[in-house]
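Student: My questions will all concern the structure given below.
The values are calculated or read from the model by the stated rules, or taken from the named source; none is laboratory data. What you see is a predicted model, and the numbers here were worked out from it, not measured in a lab. With ideal geometry, Cβ positions are generated from the backbone for all residues, glycine too; neighbour counts draw on all protein chains shown. Please note that ligands, DNA and RNA were not included when accessible areas were found on the heavy atoms of the full protein model with its side chains. Shrake-Rupley method; radii C 1.70, N 1.55, O 1.52, S 1.80 Å.
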Amino acid sequence: MYKHRFLTFIILAISGIPSYGQRAGKQPMHSDKPFVQDYSIKYYSDTTKSRVSHIASDWNGKVQILSDKGLQHPFDGQFLYHGSIEPDNYYRFMSDKKISSVGNYQGQLVYLTNAVVFSNAWAGKLFSAHTLPKASLFVGGKEFAFMVSDGHSLELIKDSKSLWKGSLANDEIVGLRFQQSTGVFWILGKKSLSTFVNNTLTKVLDGNNFTAFDINNQNIVIGTTDGYIVFSIATKKQLGEIRRKLPVPHITAVETINGKVWFGSNIGAFSLRADGKFDYYYGERWLPGNRVLQISKGPKNSVLVLTTAGIGQIEFKKMTLEEKAMYFEEQVRARHIRNGFNAGLDGMDRGKLWTGYMEDSDNDGLWTSMYLGGEIFRYSVTKDPVALQYCRESFDAMERLYDINPVPGFPARSFERAGHISSLGDSERWQHAPDKEWDWKSTTSSDEVIGHIFAFGAMAELVDDPDLKKRAIVLIDTVMSHILKNDMYLIDFDGKPTLWGKWHPDYVNSFPTNVGDRKLNSSNIVAMLQTAYHFTKKEKYKKKAFELMTKYGYLENMMRSMKVIGKAPDDADDHAKHMSDGWNHSDDEMYFLGYWGLYRYAFNDTLKAKYKEQILDHWQAERPEKEGAWNIFTALTGTPQFDLKEAVWFLQEHPLDLIDWKIVNSHRKDIELIEPNFRRQTTKEVLPPDERPVQRHNGNTFNLDRNGVGGRSENSAGDIWLLPYWMGRYLKVISPPTK
């Protein structure tokens, strides 16, 4: 064994030195053209004072809501800043009208009362009487004719004249529609669909539990309490079987808006996509409440979703990825920079951003490293002095992690002003700094260190500021010297290794070969040593790396396929079993951050080829997650296949709203659940980012739910979104904006 490893050492050591940064073959590039970004503006109703029931808007963009207290309208809402629903007193002399419904006719707001259909448009000339005192449904036809219903009877009126009266036999009317192209009124009952034309009412379909419907091109889409059916207008027949593979089969509303069919349900809203799948809008990321009463076309091609708790106005805005990046850049700077760290916002009251505070974190150094990496790539691409300033500020915070504590070469997890330890996370880990104005957090872990080395290496290579470059190299040398001096351990203030800062062979090789930590720690420490050697040229780093790879089998550990990784065998110790109870997505984050230094600063071409093999093997295991960052990190190897389409999908589909709202998907009938497995993959296909909980890259993209009280915190886009985007720009797999 040792003879074999010695020969391996000789082969690796004499191989040629590469010129890194070269691309092997031509890689695809995404052309950054505008895409449609959806987001929601929410207006909450005071449910203790009124109950909303109907909604409509006119061609001017005015939105009105009908409640049991009269007409209301949305007030003062913006994206991320909730509005309210307030009484609408603009037309003072409507307050005595007993309005039972509000709708849109020829782009104008029209009202139904117990006696008339009327409007304030057309100089108030529309004022047409009917004879159904309990009327609650109406729809306009041609030339100001209106069909009116109280749920049992029907009446066609025009200019206060009753042109026809009738009813559905043994059925309750739940919806009315008018087909402009044919002049046909459509009437939906709970058990039937009928047409009315030339004063003749004709039943065309029998059924059960019908709830809502609308016309979609040449079809009628009918919602039920258990799915929806499609009825052909041309053949007068149902098309296929009832569709039940929906997010929620209990349909409460159906509306065709801009050619797309929208459904309301008792658990959120969803729209039918061209590929037959659905975009699902659940919870307060999108809606004030989940029980949908009505869906209506809103101002500027928005969609109004009226729920029992208020309105979710779904907006659709064209933007490029760069424009989305600029929005997220502002988000980070506005409320996520704490002492230079990339921080989360916590302690919010139900999504109210102004009520939160920037929290400390175990991983202040890691999240900041990832944000800093993104800003380094941004500066390298754009040479924007603002990006360089952001780099300086976060690097200052990272640098201070090393000198705020008394341990030479040891990076703190975080630091904060003195006197508040009891209010900080993991208060038992905090220590007083030599500077009595500050406290620092101990127990720094390996994921922090690999993040540091990633960011410092990128800065030393890509930032053309001599001072920053020099300081970055000093920090690389500082922490790696500490690790080498302490026999491959990270030694804390108490003179003991931290729980996770261990790269010594006695620890690394104590894990069974199929336990991920053996492979991970080997990969990370070699990447760190290579980075240190690349920038310092100190032989001690190169010597140690080859010793670990050859004498202690770290290269063999690294090259072991991800297909082998699984649960520890029965005879393993408790620690190995605990560390392998399932796939660890934090490990994925550590691997890929380490791949930057592993591949880019490889000692020679022979190793570089092996590292590429290792990275691509890992990427294959990650592909079902469609994880944007890991796909783009894989592109650094020059491979032409790294799922660019899926990476762009991640970036485009990621929500603008990064608040930790309650998210539930496990009830959905349009997802295919799979058996429990080691990777903790829950569904056959991963859901889009805007339908699942917001999470960092160390989270499981197959997590379906986030329960509990929502709206307590907001994530920073710095590490979640900006890092993969700007890295993609740097690697030239994402283009600048194109027209």
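Student: Among 48, 401, 89, whose Cα sits farthest toward the positive end of the charge dipole of the chain (+1 at Cβ of Lys/Arg, -1 at Cβ of Asp/Glu, about the Cα centre)?
Tutor: Result: 89, furthest along the dipole toward the positive end.
Student: Using a Förster distance of 60 Å, how high is the FRET efficiency between residue 115 and residue 420, based on the Cβ-Cβ distance and rounded to 0.05? Intermediate results must be reported in sequence, preceding the final value.
Tutor: Numbers: r = 66 Å, r/R0 = 1.10.
Efficiency at R0 = 60 Å is approximately 0.35.
Student: Quick check: from the Cα gyration tensor, does region 420-544 come out rounded (a/c under 1.5), prolate or oblate? Walk me through the numbers before you get to the answer.
Tutor: Values: a/c = 1.96, a/b = 1.10, b/c = 1.79.
It is oblate, given that a/c is not under 1.5 and a/b is not larger than b/c.
Student: Probe radius 1.4 Å, ligands and nucleic acids ignored: give me the carbon and sulfur share of the accessible area of the chain as a rounded percent.
Tutor: Numbers: 15290 of 30420 Å².
The nonpolar share, carbon plus sulfur, comes to 50 percent.
Student: Leaving out same-chain residues fewer than 8 places away, which aspartates and glutamates sit with a Cα under 14 Å from that of residue 237?
Tutor: 206
Student: So, one more: Which one of 296, 683, 528 has its Cα pushed farthest toward the positive end of the charge dipole of the chain, where Lys and Arg give +1 and Asp and Glu give -1 at the Cβ?
Tutor: Result: 296, furthest along the dipole toward the positive end.
Student: Turning to a different aspect of this structure: Relative to the Cα centre, what is the charge dipole magnitude of region 486-585, using +1 at the beta carbon of each Lys and Arg, -1 at the beta carbon of each Asp and Glu, and rounding to the nearest 20 debye? It would help to have the intermediate numbers written out before the result.
Tutor: Details: 15 positive and 13 negative charges, 133 e Å.
Here the size comes out at about 640 debye.
Student: Any idea how far the Cα center of region 587-607 sits from the one of region 117-171, in Å?
Tutor: Comparing the Cα centres of region 587-607 and region 117-171, I get a distance of 72 Å.
Student: Then there's this: About the Cα centre of region 376-441, how large is the charge dipole given +1 on each Lys and Arg Cβ and -1 on each Asp and Glu Cβ? Please answer in debye to the nearest 20. Mind showing how you got there, number by number?
Tutor: Values: 9 positive and 11 negative charges, 40 e Å.
Computed about the Cα centre, the dipole is about 200 debye.
Student: For a quick protection proxy, order the peptides 596-609, 32-45, 303-316 by their average other-Cβ count within 10 Å, most packed first.
Tutor: Details: 596-609: 21.1, 32-45: 19.3, 303-316: 23.6.
The packing order, highest mean first, is 303-316, 596-609, 32-45.
Student: When 1/r is averaged over all different Cα pairs and the result inverted, which Kirkwood radius in Å belongs to region 240-313? Before the final figure, lay out each step's value.
Tutor: Working: mean 1/r = 0.0818 Å⁻¹.
By the Kirkwood definition, the hydrodynamic radius is 12.2 Å.
Student: While we're looking at this one, here's another question. What order, most packed first, do the peptides 588-595, 456-463 have when packing is the mean number of other Cβ atoms within 10 Å of each residue?
Tutor: Numbers: 588-595: 25.5, 456-463: 23.8.
Descending packing order for the listed peptides: 588-595, 456-463.
Student: What number comes out for accessible area per residue over the chain if the probe is 1.4 Å? Units Å², please.
Tutor: Details: 30420 Å² over 739 residues.
Ligands and nucleic acids excluded, the figure is 41 Å² per residue.
Student: Please state the charge dipole magnitude for the chain, taken about the Cα centre, from unit charges on C-beta atoms (+1 on K and R, -1 on D and E), reported in debye and rounded to the nearest 20. Before the final figure, lay out each step's value.
Tutor: Working: 91 positive and 89 negative charges, 426 e Å.
It comes to approximately 2040 debye.
Student: Quick check on region 187-246: take the gyration tensor over C-alpha atoms, sort the square-rooted eigenvalues as a ≥ b ≥ c, and tell me if it's rounded (a/c under 1.5), prolate or oblate. List each step's numbers first, then the result.
Tutor: Working: a/c = 2.11, a/b = 1.50, b/c = 1.40.
It is prolate, given that a/c is not under 1.5 and a/b is the larger ratio.
Student: So how much slack lies between residue 60 and residue 680, counting 0.36 nm per residue of separation and subtracting their Cα-Cα distance, in nm? It would help to have the intermediate numbers written out before the result.
Tutor: Working: separation 620, 0.36 × 620 = 223.20 nm, distance 4.99 nm.
Full-extension gain reported as 218.2 nm.
Student: What full-extension length gain, to one decimal in nm, is calculated for residue 581 and residue 506 as 0.36 nm per residue of separation minus the Cα-Cα distance? Show your work: numbers first, answer last.
Tutor: Details: separation 75, 0.36 × 75 = 27.00 nm, distance 2.17 nm.
Extra length available between residue 581 and residue 506 comes to 24.8 nm.
Student: If you filter region 462-541 for trypsin sites (Lys or Arg not before Pro), then keep DSSP loop positions with at most 11 other Cβ within 10 Å, what is left? Intermediate results must be reported in sequence, preceding the final value.
Tutor: Values: sites: 469, 470, 471, 485, 502, 518, 519, 537, 538, 540; in loops: 537, 538.
Those satisfying the criteria are 537.
Student: Just to confirm the number: angle between the C-alpha axis of helix 446-462 and the first principal axis of the chain, 0 to 90 degrees, nearest 10?
Tutor: Tilt relative to the chain: about 90 degrees.
Student: From the square roots a ≥ b ≥ c of the eigenvalues of the alpha-carbon gyration tensor of region 529-642, which class results: rounded (a/c under 1.5), prolate (a/b over b/c), or oblate?
Tutor: Working: a/c = 2.08, a/b = 1.19, b/c = 1.75.
Cα axes put region 529-642 in the oblate bin.
Student: When the chain is fully extended, how far beyond the present Cα-Cα distance does residue 571 get from residue 96, taking 0.36 nm per residue of separation? Each step should come with its number before you reach the end.
Tutor: Working: separation 475, 0.36 × 475 = 171.00 nm, distance 8.12 nm.
My answer for the length gained is 162.9 nm.
Student: Right, here's the next one. Quick check on my link table: of 544/608; 42/245; 543/608; 42/739; 502/543, which ones sit more than 22 Å apart, alpha carbon to alpha carbon?
Tutor: Numbers: 544/608 18 Å; 42/245 28 Å; 543/608 17 Å; 42/739 32 Å; 502/543 19 Å.
Beyond 22 Å between Cα atoms: 42/245; 42/739.
Student: Same structure, new question: Given only helices, namely DSSP H runs of n ≥ 4 each adding -39500 (n - 2.57), what is the per-residue ellipticity at 222 nm of the chain, to the nearest 500 deg cm²/dmol? Mind showing how you got there, number by number?
Tutor: Numbers: 16 runs with 206 residues, N = 739.
Rounded to the nearest 500, the figure is -9000 deg cm²/dmol.
Student: Any chance you could check the Cα centroid distance between region 670-739 and region 28-46 for me, in angstrom?
Tutor: What the calculation gives is 16 Å, centre to centre.
Student: How high is the relative contact order of the chain, in percent, with contacts defined as C-alpha pairs under 8 Å that are six or more residues apart?
Tutor: 14 percent
Student: May I pose another question? Report, in whole Å, the centroid distance computed from the Cα atoms of region 482-552 and region 328-391.
Tutor: The distance from the Cα centre of region 482-552 to that of region 328-391 comes to 30 Å.
Student: Please identify the chymotrypsin sites (Phe, Trp or Tyr not before Pro) of region 660-739 that satisfy two criteria: DSSP loop assignment and at most 14 other Cβ atoms within 10 Å. Which are they? Don't skip to the answer; put the middle values down first.
Tutor: Values: sites: 661, 678, 702, 721, 725, 726, 730; in loops: 661, 678, 702.
Passing both the DSSP loop test and the Cβ count: 678.
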